[in-house]
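The values are calculated or read from the model by the stated rules, or taken from the named source; none is laboratory data. Keep in mind the model is a prediction, meaning the values are calculated, not measured. Please note: Cβ atoms are built from the backbone with ideal geometry, for glycine as well, and neighbour counts cover all protein chains shown. Note: areas computed on protein heavy atoms with side chains; ligands, DNA, RNA excluded. Shrake-Rupley method; radii C 1.70, N 1.55, O 1.52, S 1.80 Å.
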Amino acid sequence: MIDDSMETKSMENGFAGVWVKGGKVYVKNPVSDGVSVLTITPCTGVDLYINGNQITGRTIVKEKDEIVLKPSVIEEPGSFQLVVAPDGLSVTLQVKTGTTTRYIVEDAGPETDLVLRSVSRVEDTCPFTLVQILQELSRKNVTFGIKHSEIQAIYAKPASGSYLIAEGEAPGETTNDRIDLKFPTGPEGQKADNIGDKVDFRDIGEITSVDAGNLLAERHPGVQGKSGRKVNGALIIPPKPVVHELGAGKGVEVSPDGNKAVALISGRPIVKKLGNRCMIDVDPVLHKKGDIDISTGNIRFKGDVVVHGNVCEGMTLQAAGKIHIMGMIFSAQIAAQGDITAVQNITGGNLVAGGNNSFFKAFNKLLESLYNDFFELTQVVSGMAEQASKKNIKTGQLVQLLIDKKYGRIPGFINEIIKLTGNNTFILSREMVDLVGLLEKKLSGLNVLKIESYDELEKVLLEIKEGRRIIENMAKNKANITFSYAVNSRIESSGDVKVEGGGCINTTINAGGNVSIKGVFRGGEINATGDIILNEAGSEMGARTLIKTESGRKVYIRKAFEGVRVQVGDRLASVTSTQTNIKAELDEAGVLMIYHAGK
């Protein structure tokens, strides 16, 4: 074969040779004696045919020969597989692409001894057709969530790998019923975390107790998850929520919808799980086995407490109800809003029954002052409300302005109330805690500016008034103390004090009612508002002994030693000699009479 352009060039130059152009072989026979033959040699990837015969080696070629080049095309088949996930929610297409290798003859020459040269080009090929994929999906019963665009993209640009080509809808997660307990459930005496450098190790234990009306537990109903669908179209129904129920034991009430448990009484909450039922009781009595000492920590409980051992030195026991101590008391602080009974001896103890009267008085005095100023302030706000509204002055701004200009004592009263309750170590009632919280939230600092209406002021005023009533009632509560024997102790009761055993030595008794002592009262002081009945007062050695009660009350002493002082009202007299069966009272003229009353 002759290429015209090359032939012309060869004739002009007198050149003969073999060359390749555009995949074809061209030959120009030699015209001079310098070149005798022309040759061609095949290469890899290209079949060389001369006059219909395949040539595998170097071969002489002439112009008249029919020369054909046949580049090779080598195809390696790929593979594909559809895998349905075990849960039926997805289909993965696993692809291994095929390859097509194509050889191309490079242009060359003219040369007298031409060696052919080729280059190869490899292309990835898709191992499937779109029809094949759809048929395979149908065979595997895949009808839902097919990603047609993803399949087309893989087909257009095939590459080996795994591809998600169908996806179902997973079912929503089912949440089971959940019960949220509003009180800690750790063991008694559990130690507090994150203890600082300075700590009273007697005060790091905790006995959980609640007030009547406290929320004990809340049930959060479960929700069944949304239905899902598999790639075969089948529905997936999620499980129904596991139901948990709140059960009301003693002292507990469950709301009609079953979602809240509330304490009906004050005491210790106890929870028991019975299958899927959460039973909650409130035990009004805490039974403390053994002693109260540094290993148990101090105890403060919103109910009755029964101690089956001793209360040891330096410990504190407080109860919002009654206290009954089976053992002895050693230099401990005992306080109850109800009665206190100590079966055995008291040494260096401090007992208070009926509440902390000094705290009640101070708290009530502050509330009274706060109420008077706040009542006056609300009246002023009511009168200025219309005018303030016209000037776009909000209620909180008006209140703050009045406090700044005229009622500056109010923030001071609130700070004193917060400080007083913070320093108080006695158990506060829930109403008192709520009142202090309300005052702090509404009237402390910049919180005043958040008041939006006159109605809020009236509500705070009513709460302060109700707080005063509660405090006054608590102060009037009459709680009694009964014990056997006391030495170097202090006894304070809003009601009666009864000493059933050996009596008292160097002890102070303050009673809001009567005092009766079957044994001796030797050294110390009795202050009562009721009658006082003593078996024996004072001593032969003249131990300082003072017996005091209010006007209109009487003092009975079976045996009084010389030096015993007796005071009724503001009248005071001393027993000048040992006497028996005496009675002391004021006569009609207000004169203190001490006389023999007979047996």
When every residue in segment 43-87 that is acidic (Asp, Glu), touching a Gly at 6+ places or on another chain (Cβ under 9 Å) and outside any loop (DSSP other than H, G, I, E, B) is compared, the one nearest to Glu106 (Cα to Cα) is Glu75
His287 passes all but one of (1) surrounded by fewer than 18 Cβ atoms within 10 Å (Cβ to Cβ); (2) part of a loop (DSSP other than H, G, I, E, B); (3) more than 25 Å from the chain's Cα centre (by Cα); which number fails? (2)
Flag for Val306 being buried (at least 23 other Cβ atoms within 10 Å of the Cβ), over 30 Å from the mean Cα position of the chain (by Cα) and free of Cβ contacts under 8 Å to residues at least 40 places away in the same chain: no
What are the residue pairs meeting all of these: first residue in segment 223-235, first residue of a type in the set (Lys, Arg), second residue open to solvent by 70 Å² or more (accessible area, probe 1.4 Å), Cβ atoms under 7 Å, and 6 or more apart or on different chains? Arg229/Glu169; Arg229/Leu235
Qualifying residues in segment 160-214 (those that are among the basic types (Lys, Arg), assigned to a loop (DSSP other than H, G, I, E, B) and surrounded by 11 or more Cβ atoms within 10 Å (Cβ to Cβ)) - the one modelled with the lowest pLDDT: Lys191
Out of all the residues in segment 264-276, is one or more assigned to a strand (DSSP E or B), open to solvent by less than 60 Å² (accessible area, probe 1.4 Å) and basic (Lys, Arg)? no
If you take the residues in segment 433-470 that are touching a residue at least 60 places away in the same chain (Cβ under 8 Å) and open to solvent by 30 Å² or more (accessible area, probe 1.4 Å), which one is nearest to Ile417 (Cα to Cα)? Arg468
How many of the residues making up segment 504-529 are open to solvent by less than 30 Å² (accessible area, probe 1.4 Å) and among the β-branched types (Val, Ile, Thr)? 6
Name the residues in segment 471-488 that are open to solvent by 10 Å² or more (accessible area, probe 1.4 Å), more than 41 Å from the chain's Cα centre (by Cα) and farther than 12 Å from Val515 by Cβ, would you? Ser484, Tyr485, Val487, Asn488
Checked segment 229-246 for anything surrounded by 17 or more Cβ atoms within 10 Å (Cβ to Cβ), within 23 Å of the chain's Cα centre (by Cα) and not in a loop (DSSP other than H, G, I, E, B); matches are Leu246
Which one is farthest from Ile74 (Cα to Cα), of the residues in segment 88-105 that are without any contact (Cβ under 8 Å) to a residue 60 or more places away in the chain and surrounded by fewer than 15 Cβ atoms within 10 Å (Cβ to Cβ)? Thr99
Within segment 338-359, does at least one residue satisfy the condition of being of a type in the set (A, V, I, L, M, F, W, C), touching a residue at least 60 places away in the same chain (Cβ under 8 Å) and either surrounded by fewer than 18 Cβ atoms within 10 Å (Cβ to Cβ) or assigned to a helix (DSSP H, G or I) (or both)? yes
Residue list for segment 115-154, restricted to those being closer than 16 Å to Glu75 by Cα, among the hydrophobic types (A, V, I, L, M, F, W, C) and in contact (Cβ under 8 Å) with a residue 40 or more places away in the chain: Cys126, Phe128
